[in-house]
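Okay, so here's the structure we're looking at.
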Amino acid sequence: MTKYELPKAYDFKATEERIYAMWEAGGFFQPHNDPNKAGFDPNVEPFVISIPPPNVTGELHLGHAMFVSVEDLMIRYHRMKGYSTLWLPGVDHAGIATQLVVERDLLQKEKVTREELGREEFLKRTWEWKQKYGGMIAAQIRRLGASCDWSRERFTLDDGLSRAVREAFVRLYEKGLIYRGPRLINWSPGLKTAVSDVEVEYEEEEAVLYYFKYMIKETSEVSKTSEVYIPVATIRPETILGDTAVAVHPDDERYKKFIGKTAVVPILNREIPVIADEYVSMEFGTGALKITPGHDPNDYNIAQKHNLPIISVLDAEAKVNENGDKYEGQDRYEARRNLWADMQAAGLVIKEEKYLTTIPRSQRGGEVIEPMISEQWFVKMDSLAKAGLDAVRDGRIKIVPERFEKVYFNWLENIKDWCISRQLWWGHRIPVWYCPDGHMTVTREDPTQCATCGSKEIRQDDDVLDTWFSSGLWPFSTLGWPQETPDLKYFYPTSYMETGYDIIFFWVARMIMMGLEFTGEAPFHTVYLHGLVRDEHGKKMSKTLGNVVDPLIVMDAFGTDALRFTLLVGSTPGNDMNLSVKRVEANRNFANKLWNLGRFVINTVSSAAFQASSNANQTLADSWISAKLEQLVRDVERNFQNFQYGQAGQQIYDFIWSDFADWYVEIAKEQMRNATTQKQTVELLARAFDTCLRLLHPFTPFVTEELWGHLRNALRESSLSDLCADWSPALVASKFPEPVQLEGWEETKVAEFALMQEIVRAIRNLRAEKNVTPSKKISAIVAGGDRLDFLHEQSSAIAALAGLDESQTTILRTLDEPPNDSVALVIGSIEICIPFAY
């Protein structure tokens, strides 16, 4: 066994943790040009990605695995290209999610609610929970090989980021862009907080459409045989309690006569007007619409237009309030049943029918969202949205893939004011204080008295800010803003923002708007959007369907590199990908193939004893593999520049598996038996394998780092030590292969080798067809025609690859007649006759 003979199999379990520890200890994840250290050069170009901060409650799922794999590939590539790279990690406090987890934990273990515990004690418990469990997701991200600068790790409730949040709030308030007032918002009864429009998911569900009579006042006491009413339908009968009008289309002949009349709210007997509005569709339902401005956004707009009163009939728990008369205190669904029963008894019910419609549900809690009037804090979005639109339109920000620009434009062009207050305890508390006289003090620091009247009796607003408010500041708050820190001056604006297309509204648009507002610059120049990871049949993964693939289990079984390579090569920008565990297993086999290839090259390097230096010309195989390798470097570089990472990875895979391992290595074994070509062959094997490992490293960092280390050590101890004289101490910090100008001979050599491959494949196929055992050498007669010289030159290589007995193979210029009992193969002008008396 030679000094550098590797184990027969790659043991990823014994390798990954060790390699990662080496990277961290060596400081390889930190920018090599650090503005906080001596020797800093401001002219060195940085490359910066701010990690999409996972929730502190998070456990690793395939969404994390996808963004970590893509971003780590981007970072490793740019690090190897010489950029001063910073991948800044961090975790989001995740207001709603964390509060829910801690509340459930308290109920299960102590049978106590947060209200019973009190705000101060609840927040203390939440911080304790964060200290205990908050590092789990960061550790799991490390497991994926993430080369983040962990010395700069941030948390959205850090003191520095909290200062940034207050600064942003106060600046917006002072510009008149933040205001407080009653508005119709999305209310989550289960979470007891407002949620933004983008946090509401609309699902198509089967509901019941309830048809009933809206009696007209003038005839409401007439006998039922002559009753006059407007038929109306709704899927939410309980909201009848908050109706303030009945609307019909002004051109609807059925209802024109009722416009201006008075209708009577069922059971409550409250009088409301019949109004005309073109918003009403004459074709939908009955053609008449009940107007409940306190619980429907469209009705709210109509109420604003017609100056209608707004009545809210539900409280924070979605129970009927004092405006619901005898139904007060009932849950919304209980009130629905009871009100409808009372209307049936009163003869006001027409019918019920099944109806397929979209139901708004809380993305986080899953319960049905209730539109409600509530006093909330809002950000005016018009000027911020215009700046965000301009930045993409004028090219300061590029969105990849480009088709998502339309989605981005559409959302910002139709944006509403952003409700930023949440009725939670965990989060950035709104920096507003009130005195008994109703004065508001908005300040960056905790005040000791009212700024208006000097009263010492002040209390802070109970609400916290929407998590996305602090997340919107992430690219610059993590670098020290609002202070002009060295990190902010050098690393901002950042370079890429890589994330899933599903949060382009939640996060990407808000980061762009916030960055432009507070720094005057776009926070990044490129937005790269990846798709969702679905199961192998294209279905969305869910615990209900039982098709969730746990990345931790997959990595335990097949290794991190196999999962990363599968995600990276199987995806394209902005498109969903289907993930099959079998494909991960196949890529584990690729890692093993790479390992076996490395064993051969490294063992060859460490055991080769050259008799003398040689000035032999390159063989055809040498020229071919060199040309193919140069073309690979060019193709990979082009695909990286065009964000086609999957295509680049597939090209590297194909080259290593086919061109290098299946063809060149087999020929190299023959060439090394010849003293004339031995040294140049070993050199080329080492150079080519080094290039392959460098190209592959951003995709599969662990196995490539391990093999490269062995290759470097083997070269250092060999007579080829000059090959690695300028190599870095680790592959992670080495140079990425650079494309070179082709010299013109490459195309000819590739074409000649392709002819040889065609000959070999034809003979191999014939052998397989005739069931000739692989070890059996066969004879051949070859008529080369105008390729006679070529065939003589490549006879040894062809014989070795095709299983020919070179001593029993005859090469002629022409052949008058094929031998009896032979099979003829024709490749261009070349005819090969194989006798089959085997």
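The values are calculated or read from the model by the stated rules, or taken from the named source; none is laboratory data. Remember, it's a predicted structure, so these values are computed and weren't measured experimentally. Positions of Cβ are backbone-derived with ideal geometry, glycine not excepted, and every protein chain shown enters the neighbour counts. Heads up: the accessible areas ignore ligands, DNA and RNA and are worked out on the full protein's heavy atoms, side chains in. Shrake-Rupley method; radii C 1.70, N 1.55, O 1.52, S 1.80 Å.
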_Residue that is part of a strand (DSSP E or B) and over 30 Å from Gly329 (Cβ atoms), where the choices are Pro250, Pro182, Pro231_ = Pro231
*If you check every pair at least six apart or on different chains, which have Cβ atoms under 9 Å apart with a residue in the stretch 539-561 that is within 21 Å of Val70 (Cβ to Cβ) and open to solvent by 50 Å² or more (accessible area, probe 1.4 Å) first and a residue that is among the hydrophobic types (A, V, I, L, M, F, W, C) and in a loop (DSSP other than H, G, I, E, B) second?*
Lys540/Leu532; Val548/Met541; Asp550/Leu60
_Residue check for Ile798: of a type in the set (A, V, I, L, M) and within 28 Å of Thr681 (Cβ to Cβ)_ = yes
*Scanning for something within 38 Å of the chain's Cα centre (by Cα), crowded, with 20+ Cβ neighbours inside 10 Å and not in a loop (DSSP other than H, G, I, E, B), does the stretch 603-624 turn up at least one residue?*
no
*Just checking, which of Glu328, Glu317 is under 39 Å from the mean Cα position of the chain (by Cα) and of a type outside the set (S, T, N, Q)?*
Glu317
*With (1) modelled with pLDDT under 95; (2) open to solvent by less than 70 Å² (accessible area, probe 1.4 Å); (3) assigned to a helix (DSSP H, G or I) as the list, and Val165 as the residue in question, which single condition is left unmet?*
(1)
*asked:* For the stretch 118-155: of the residues being surrounded by 14 or more Cβ atoms within 10 Å (Cβ to Cβ) and acidic (Asp, Glu), which is farthest from Arg79 (Cα to Cα)?
replied: Glu153
_Pair list, Cβ < 6 Å and 6+ apart or interchain, from the stretch 626-653 residues that are among the β-branched types (Val, Ile, Thr) to residues that are open to solvent by 10 Å² or more (accessible area, probe 1.4 Å)_ = Val633/Pro737; Val633/Pro739
*Can you name every residue in the stretch 654-671 that is hydrophobic (A, V, I, L, M, F, W, C) and open to solvent by less than 40 Å² (accessible area, probe 1.4 Å)?*
Phe655, Ile656, Phe660, Ala661, Trp663, Val665, Ile667, Ala668
*Please state which of the following conditions Phe558 fails to meet, knowing it meets all the rest: (1) modelled with pLDDT under 95; (2) within 20 Å of Leu696 (Cβ to Cβ); (3) not basic (Lys, Arg).*
(1)
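Conditions (1) hydrophobic (A, V, I, L, M, F, W, C); (2) closer than 22 Å to Gly500 by Cβ; (3) touching a Phe, Trp or Tyr at 6+ places or on another chain (Cβ under 7 Å), marked per residue:
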{"residue": "Ala65", "(1), (2), (3)": "yes, yes, no"}
{"residue": "His78", "(1), (2), (3)": "no, yes, yes"}
{"residue": "Ala94", "(1), (2), (3)": "yes, yes, no"}
{"residue": "Arg114", "(1), (2), (3)": "no, no, yes"}
{"residue": "Gly134", "(1), (2), (3)": "no, no, no"}
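Per-residue answers, yes or no, for (1) assigned to a loop (DSSP other than H, G, I, E, B); (2) open to solvent by less than 50 Å² (accessible area, probe 1.4 Å); (3) in contact with a Gly (Cβ under 7 Å, 6 or more places away or on another chain); (4) modelled with pLDDT of 90 or more:
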| residue | (1), (2), (3), (4) |
| --- | --- |
| Val703 | no, yes, no, yes |
| Glu706 | no, yes, no, yes |
| Ala714 | no, yes, no, yes |
| Asp726 | yes, no, no, yes |
| Phe736 | yes, yes, no, yes |
| Ala754 | no, yes, no, yes |
| Gln757 | no, yes, no, yes |
| Thr773 | yes, no, no, yes |
*For the stretch 353-373, name all the residues that are in a strand (DSSP E or B) and surrounded by 14 or more Cβ atoms within 10 Å (Cβ to Cβ).*
Tyr355, Ile359, Pro360, Arg361, Ser362, Val368, Glu370, Pro371, Met372, Ile373
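Results for (1) of a type outside the set (A, V, I, L, M); (2) in contact (Cβ under 8 Å) with a residue 40 or more places away in the chain, shown as yes or no for each residue.
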residue: Glu5; (1), (2): yes, yes
residue: Ala21; (1), (2): no, no
residue: Glu24; (1), (2): yes, yes
residue: Val48; (1), (2): no, yes
residue: Pro52; (1), (2): yes, yes
residue: Thr57; (1), (2): yes, yes
residue: Ile75; (1), (2): no, yes
residue: Ala97; (1), (2): no, yes
*Does the stretch 215-246 hold any residues that are of a type in the set (A, V, I, L, M) and either touching a strand residue (DSSP E or B) at 6+ places or on another chain (Cβ under 9 Å) or at pLDDT 95 or above (or both), and which are they?*
Met215, Ile216, Val228, Ile230, Val232, Ala233, Ile235, Ile240, Leu241, Ala245, Val246
_Can you say whether Gly190 is surrounded by fewer than 20 Cβ atoms within 10 Å (Cβ to Cβ), in contact with an Asp or Glu (Cβ under 8 Å, 6 or more places away or on another chain) and either touching a residue at least 24 places away in the same chain (Cβ under 8 Å) or on the phi > 0 side of the Ramachandran plot (or both), as far as the supplied structure shows?_
yes
_Matching residues in the stretch 198-219 - criterion: being within 30 Å of Tyr501 (Cα to Cα) and open to solvent by less than 20 Å² (accessible area, probe 1.4 Å)_ = Val200
*Within the stretch 168-177, which residues are assigned to a helix (DSSP H, G or I) and over 29 Å from the mean Cα position of the chain (by Cα)?*
Val170, Arg171, Leu172, Tyr173, Glu174
_Of everything in the stretch 439-455, what is over 18 Å from Arg166 (Cα atoms) and outside any loop (DSSP other than H, G, I, E, B)? Give them in sequence order._
none
*Restricted to the stretch 463-480, and to residues that are in a helix (DSSP H, G or I) and closer than 13 Å to His93 by Cα, which residue is most open to solvent (accessible area, probe 1.4 Å)?*
Trp468
*Quick one: what pairs do we get from the stretch 269-282, first residue farther than 11 Å from Lys217 by Cα, second assigned to a loop (DSSP other than H, G, I, E, B) and open to solvent by 60 Å² or more (accessible area, probe 1.4 Å), C-beta under 6 Å, 6+ apart or different chains?*
Ala276/Ile259
*Exactly one condition in (1) of a type in the set (Lys, Arg); (2) more than 23 Å from Ala621 (Cα to Cα); (3) surrounded by fewer than 16 Cβ atoms within 10 Å (Cβ to Cβ) is not met by Arg767; state its number.*
(3)
*Condition test on Arg143, is it touching a residue at least 60 places away in the same chain (Cβ under 8 Å), in contact with an Asp or Glu (Cβ under 6 Å, 6 or more places away or on another chain) and of a type outside the set (Gly, Ala, Ser)?*
no
*When Asn578 is evaluated against the numbered criteria (1) buried (at least 20 other Cβ atoms within 10 Å of the Cβ); (2) under 29 Å from Asp11 (Cα atoms); (3) among the polar types (S, T, N, Q), which criterion, by number, is the only one it fails?*
(1)
*asked:* Which pairs turn up if I take residues in the stretch 28-39 that are more than 12 Å from Trp87 (Cα to Cα) and look for partners that are open to solvent by 40 Å² or more (accessible area, probe 1.4 Å) with beta carbon separation below 7 Å, at least 6 apart in sequence or on another chain?
replied: Asn33/Phe40; Asn33/Asp41; Asp34/Phe40; Pro35/Pro486; Pro35/Lys489; Asn36/Pro486
_Consider the stretch 493-521. How many of its residues are within 21 Å of Phe67 (Cβ to Cβ) and open to solvent by less than 20 Å² (accessible area, probe 1.4 Å)?_
16
*Any idea which of (1) more than 19 Å from Ile602 (Cβ to Cβ); (2) crowded, with 18+ Cβ neighbours inside 10 Å; (3) out of contact with any strand residue (DSSP E or B) (no Cβ under 8 Å at 6 or more places or on another chain); (4) among the aliphatic types (A, V, I, L, M) is the one Leu742 doesn't satisfy?*
(2)
